[in-house]
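Step one of this worksheet: look at the structure below.
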Amino acid sequence: MTTRIDTRFAELRKQGRSAFVTFLMAGDPDPATSLAIIKALPRAGADIIEIGMPFTDPMADGPAVQAAGRRALDAGMTLTGTLRMIGEFRKDDDSTPVVLMGYYNPVYIYGVEKFLDDARAAGVDGLIVVDLPPEEDSELCIPAMKAGLNFIRLATPTTDDKRLPAVLANTSGFVYYVSITGITGSAAADSTAVGAAVGRIKRHTSLPVCVGFGIRTPDAARGIAERSDGAVVGSALVDALSASLDAEGKATSGTVQAVASLAAALAEGVRSARQAAE
Amino acid sequence: MSSLPNSFRSGPDERGHFGMFGGRFVAETLMPLILDLERAYADAKSDAAFQRDMARYRKDYIGRPSPLYFAERLTDHLREISAASGGAGGAKIYLKREELNHTGSHKVNNVLGQILVARRMGKKRIIAETGAGQHGVATATLCARFGLDCVVYMGAVDVARQEPNVIRMEMLGAKVVPVQSGTRTLKDAMNEALRDWVTNVHDTFYCIGTVAGPHPYPMMVRDFQSIIGEETRRQMQEAEGRLPDSLIACIGGGSNAMGLFHPFLDESSVEIFGVEAAGHGLDKQHAASLTGGRPGVLHGNRTYLLMNGDGQIEDAHSISAGLDYPGIGPEHSWLHETGRVTYLSATDEEALGAFQLLSRLEGIIPALESAHAIARVIELAPGRTKDHLMVVNLSGRGDKDVPQVGDILKGRKK
């Protein structure tokens with residue numbers, strides 16, 4: 001079955017360019033501002049939108065994303081609220097793929113079957129669940145595939161050729177290559193190493209390979225976009241959001257624009273890249 | 001309730017599951033290392049040289065076997081309580097003296113095993129998380145002994161309330177990192193240790209302090225701690241010519257308890273009790289995951305957790321930093337659901353009372369963690385017959401808690 005993600009990558013291939021993938025936390029800094037931001041992202045040039053499901057204990061995230069999750073939870077964001085927000089977004093935009101990213105416990109407590117039904121109904125296209133490796137595929141990955149949602153897996157520098165087939169086996173939509181071993185928002189890998197890694201993964205799969213972690217500037221985004229099928233930017237956008245808040249951590253009149261402006265600049269970087277190496 | 005297995009000692013299965021609990025819920029970056037560790041541990045376990053090393057360091061470095069001590073004055077005191085209420089009972093109480101181990105708690109049993117495995121894997125850098133600091137001190141100690149770099153993550157709240165152990169770790173050459181995120185206690189120290197591990201996966205070994213985390217940790221830590229129960233079996237045979245009738249131990253993550261319980265799980269005559277921290281009370285803030293939580297997924301395993309209706313992890317509270325954790329080892333969750341072990345709880349106040357009682361009756365100042373177990377002994381023992389043999393695991397000594405308890409008691413005198 002063809003998903004919005006498949007359709008989007010097919011369009012991008014025709015245009016001969018890589019995807020610009022954005023990440024922000026649902027409900028950061030409050031549900032209304034968060035919805036306004038995600039509505040602004042496609043206009044700013046985002047090709048795929050990843051939305052974080054806030055969690056109290058984000059073990060693989062750096063300080064920026066941790067703080068974003070905390071702000072969202074403090075503002076009353078829940079998983080139900082996150083799905084409702086995506087439903088709102090879908091009223092105006094039926095083409096931009098939306099991928100939910102987070103940790104398993106809130107989904108597990110929501111109930112896997114109910115979550116998959118509600119996520120599909122809200123217009124979610126894919127899932128990235130950081131703490132569900134292939135060894136735990138029966139939890140969510142297999143049911144998600146059956147429900148027609150893409151389950152997007154992270155591959156990392158520690159995922160060697162022996163392990164890659166297991167990681168890719170039930171992956172669909174795209175592969176998210178985490179260019180460093182580390183938490184979100186930490187230092188960037190050099191683009192040559194990234195190119196080699198993307199090439200290695202592509203020998204094992206025909207899926208698009210997007211690269212994330214540590215991309216902060218339009219130049220860095222271009223460098224990655226030249227060597228992959230997509231550049232994912234999260235912490236830099238979250239930092240721009242955070243910098244726009246007032247002393248109490250509340251949204252200001254400049255918050256939506258602060259994120260949209262950076263997204264537009266990064267999108268420009270991605271669009272200026274030559275076609276990704278095949 | 002699941003149907004009862006033939007043996008309670010055969011878990012976990014090859015995927016690390018105890019019934020529905022356990023598993024490996026970690027980021028992809030860590031999976032190759034966890035699979036390596038599983039192989040390295042299986043290899044070590046069947047290697048006679050590894051077992052010889054373990055036995056030698058246990059004896060000459062840790063000071064094992066730890067004594068099984070007949071607590072005569074505590075026994076007499078509880079028999080008087082029984083008599084005062086018209087009974088004729090009062091179990092015979094033995095203390096398994098894990099507080100006499102080098103570094104002052106049972107934690108060193110596990111750390112020794114993990115450090116020997118880490119050495120076999122060629123790892124040079126060890127990270128650990130700690131609540132009360134006992135696991136951190138044990139890790140810092142063995143890293144000093146074997147010349148390994150050591151970084152210990154500790155919640156900023158715990159750094160403040162367990163200062164003596166922070167000083168000890170630093171004297172031993174470890175770097176103590178106060179964790180400022182989240183609730184700034186053990187849960188957040190574990191998150192931060194996982195973040196470090198994800199970042200430094202190529203040269204770093206994560207020495208987990210309890211029977212929790214992704215497979216194979218809950219199994220491996222249990223195996224290293226089972227020396228407590230194995231010695232207890234042998235020592236009770238020597239002292240009384242038979243098995244104990246009941247076992248009791250405090251539970252945070254649950255490693256001292258699992259170590260005592262595991263060798264007895266298939267002995268149906270032995271009653272087993274775990275004691276969680278009820279904090280301010282089970283209807284208020286506490287750390288009793290089994291009594292007040294439900295199954296969820298955190299820190300690499302499925303287990304009972306304290307959380308809200310949206311799956312967000314709730315803040316635990318206990319007077320004892322070592323029990324102040326919103327989860328519990330997955331094997332305990334399974335033993336709870338099968339009904340093999342009875343899980344009780346004790347409040348901060350009850351633990352403080354037991355802390356003072358044991359200090360005055362036996363000249364043994366227990367860790368606040370262990371005092372939770374003593375609190376339930378005080379309640380259970382008078383109702384048992386005089387020939388009932390009850391073993392309580394004295395998991396650690398209270399030196400680290402002396403300033404904290406001193407402040408509380410001083411505050412009450414004013």
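The values are calculated or read from the model by the stated rules, or taken from the named source; none is laboratory data. Computed from a prediction, not measured in an experiment: that's the story for all the values here. We place every Cβ from the backbone using ideal geometry, glycine too, and count neighbours over all the protein chains shown.
A single entry from A:A60, A:A68, A:A72 fulfils the requirement of being within 9 Å of chain B (Cβ to nearest Cβ) and of a type in the set (G, A, S): A:A60.
If we keep just the residues of the stretch B:283-319 that are more than 14 Å from chain A (Cβ to nearest Cβ) and of a type in the set (S, T, Y), which is nearest to the chain's Cα centre (by Cα)? Spell out the reasoning first.
First pass over the stretch B:283-319, keeping only residues more than 14 Å from chain A (Cβ to nearest Cβ): B:283-288, B:290-292, B:317-319.
Subset that is of a type in the set (S, T, Y): B:291, B:318.
Working: B:T291: 17, B:S318: 14 Å.
Residue satisfying both the conditions and the ranking: B:S318.
Only residues that are within 11 Å of another protein chain (Cβ to nearest Cβ) and of a type in the set (F, W, Y) were counted in the stretch B:12-41, giving 1.
Quick test for you: out of B:R9, B:R52, pick the one residue that is modelled with pLDDT of 95 or more, assigned to a loop (DSSP other than H, G, I, E, B) and more than 14 Å from chain A (Cβ to nearest Cβ).
B:R9
Among the numbered conditions (1) closer than 20 Å to A:A243 by Cβ; (2) away from chain B (no Cβ under 14 Å), the only one that A:A10 does not meet is (1). Of all the residues in the stretch A:194-248, those that are over 25 Å from A:A169 (Cβ atoms) and either touching a residue at least 24 places away in the same chain (Cβ under 8 Å) or in contact with a Phe, Trp or Tyr (Cβ under 8 Å, 6 or more places away or on another chain) (or both) number 24.
Answer yes or no as to whether B:G173 is at pLDDT 95 or above, farther than 17 Å from B:A321 by Cα and either basic (K, R) or surrounded by fewer than 24 Cβ atoms within 10 Å (Cβ to Cβ) (or both). When the stated conditions are applied, B:G173 passes them.
For the stretch B:343-414, the helices (runs of 4 or more DSSP H) that sit wholly inside it and include 3 or more residues that are over 22 Å from B:S66 (Cβ atoms) and either in contact (Cβ under 8 Å) with a residue 24 or more places away in the chain or among the β-branched types (V, I, T) (or both) are B:348-362, B:402-413. For the stretch A:136-182, residues that are touching a Cys at 6+ places or on another chain (Cβ under 6 Å), in a loop (DSSP other than H, G, I, E, B) and surrounded by fewer than 24 Cβ atoms within 10 Å (Cβ to Cβ) total 1. Screening A:G62, A:G69, A:G27 for residues that are touching a residue at least 24 places away in the same chain (Cβ under 8 Å), crowded, with 19+ Cβ neighbours inside 10 Å and either closer than 18 Å to A:V124 by Cα or of a type outside the set (G, A, S) (or both) leaves exactly one candidate, A:G27. For the stretch A:143-190, the set of residues classified as more than 12 Å from chain B (Cβ to nearest Cβ), touching a residue at least 40 places away in the same chain (Cβ under 8 Å) and under 13 Å from the mean Cα position of the chain (by Cα) consists of A:N150, A:G173, A:F174, listed by residue number. Inspect all residues belonging to the stretch A:170-177 and state whether any of them is of a type in the set (G, A, S) and out of contact with any Phe, Trp or Tyr (no Cβ under 8 Å at 6 or more places or on another chain). Looking through the stretch A:170-177, none of the residues is of a type in the set (G, A, S) and out of contact with any Phe, Trp or Tyr (no Cβ under 8 Å at 6 or more places or on another chain).
Taking into account only those residues within the stretch A:185-222 that are among the hydroxyl-bearing types (S, T, Y) and assigned to a loop (DSSP other than H, G, I, E, B), which is nearest to A:F9 (Cα to Cα)? Among those residues, the one meeting the criterion is A:S206. The residues in the stretch A:89-116 that are out of contact with any Lys or Arg (no Cβ under 9 Å at 6 or more places or on another chain) and surrounded by fewer than 19 Cβ atoms within 10 Å (Cβ to Cβ) can be counted, and the count is 6.
For every residue, the table says whether it meets (1) in contact with a helix residue (DSSP H, G or I) (Cβ under 8 Å, 6 or more places away or on another chain); (2) farther than 21 Å from B:F261 by Cα.
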| site | (1), (2) |
| --- | --- |
| B:R58 | yes, no |
| B:Y61 | yes, yes |
| B:A84 | no, yes |
| B:R119 | yes, yes |
| B:G122 | no, yes |
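Candidates B:Y304, B:Y325: the one that is modelled with pLDDT of 95 or more, among the aromatic types (F, W, Y) and either surrounded by fewer than 20 Cβ atoms within 10 Å (Cβ to Cβ) or in contact with a Gly (Cβ under 8 Å, 6 or more places away or on another chain) (or both) is B:Y304. Out of curiosity, is A:I86 within 10 Å of chain B (Cβ to nearest Cβ), at pLDDT 95 or above, surrounded by fewer than 24 Cβ atoms within 10 Å (Cβ to Cβ) and more than 17 Å from A:M1 (Cα to Cα)? Considered against the rule, which asks whether it is within 10 Å of chain B (Cβ to nearest Cβ), at pLDDT 95 or above, surrounded by fewer than 24 Cβ atoms within 10 Å (Cβ to Cβ) and more than 17 Å from A:M1 (Cα to Cα), A:I86 comes out as no. Within the stretch B:183-211, being in a loop (DSSP other than H, G, I, E, B), within 14 Å of chain A (Cβ to nearest Cβ), touching a residue at least 60 places away in the same chain (Cβ under 8 Å) and over 17 Å from B:A27 (Cβ atoms) holds for B:T183, B:T185, B:D203.
Conditions tested, residue by residue: (1) surrounded by fewer than 21 Cβ atoms within 10 Å (Cβ to Cβ); (2) closer than 21 Å to B:A371 by Cα; (3) outside the structural domain of B:N393 (by the TED database).
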| residue | (1), (2), (3) |
| --- | --- |
| B:G23 | no, no, yes |
| B:S85 | yes, no, no |
| B:G90 | no, yes, no |
| B:I93 | no, yes, no |
| B:E98 | no, yes, no |
| B:G113 | no, no, yes |
| B:R125 | yes, no, yes |
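Of the residues in the stretch A:117-124, at least one is farther than 22 Å from B:P295 by Cα, buried (at least 23 other Cβ atoms within 10 Å of the Cβ) and at pLDDT 95 or above.
I'd like the full set of residues that are outside any helix (DSSP H, G or I) and more than 19 Å from A:P218 (Cα to Cα), limited to the stretch A:9-42. Result: A:M25, A:A26, A:G27, A:D28, A:P29, A:D30. Among the candidates B:P263, B:P244, the residue that is assigned by the TED database to the domain that holds B:N393, surrounded by fewer than 21 Cβ atoms within 10 Å (Cβ to Cβ), in contact with a helix residue (DSSP H, G or I) (Cβ under 7 Å, 6 or more places away or on another chain) and at pLDDT 95 or above is uniquely B:P263. Checking B:P218, B:P244 one by one, the residue that is touching a residue at least 60 places away in the same chain (Cβ under 8 Å) and either part of a loop (DSSP other than H, G, I, E, B) or of a type in the set (D, E, K, R) (or both) is B:P244 and no other.
Looking only at residues that are outside any strand (DSSP E or B) and small (G, A, S) in the stretch B:147-170, which one is modelled with the lowest pLDDT? Going through the qualifying residues, I end up with B:A160.
Put simply, of A:L116, A:L100 the only residue that is under 20 Å from A:A40 (Cβ atoms) and either more than 10 Å from chain B (Cβ to nearest Cβ) or in contact with a helix residue (DSSP H, G or I) (Cβ under 9 Å, 6 or more places away or on another chain) (or both) is A:L100.
Restricting attention to the stretch A:124-132, does a residue exist that is part of a helix (DSSP H, G or I) and touching a residue at least 40 places away in the same chain (Cβ under 8 Å)? No: zero hits. Output the residue which, of all residues in the stretch B:377-401 that are closer than 21 Å to B:V108 by Cα and of a type in the set (A, V, I, L, M), is surrounded by the most Cβ atoms within 10 Å (Cβ to Cβ). Applying the filter and picking the extreme gives B:L394.
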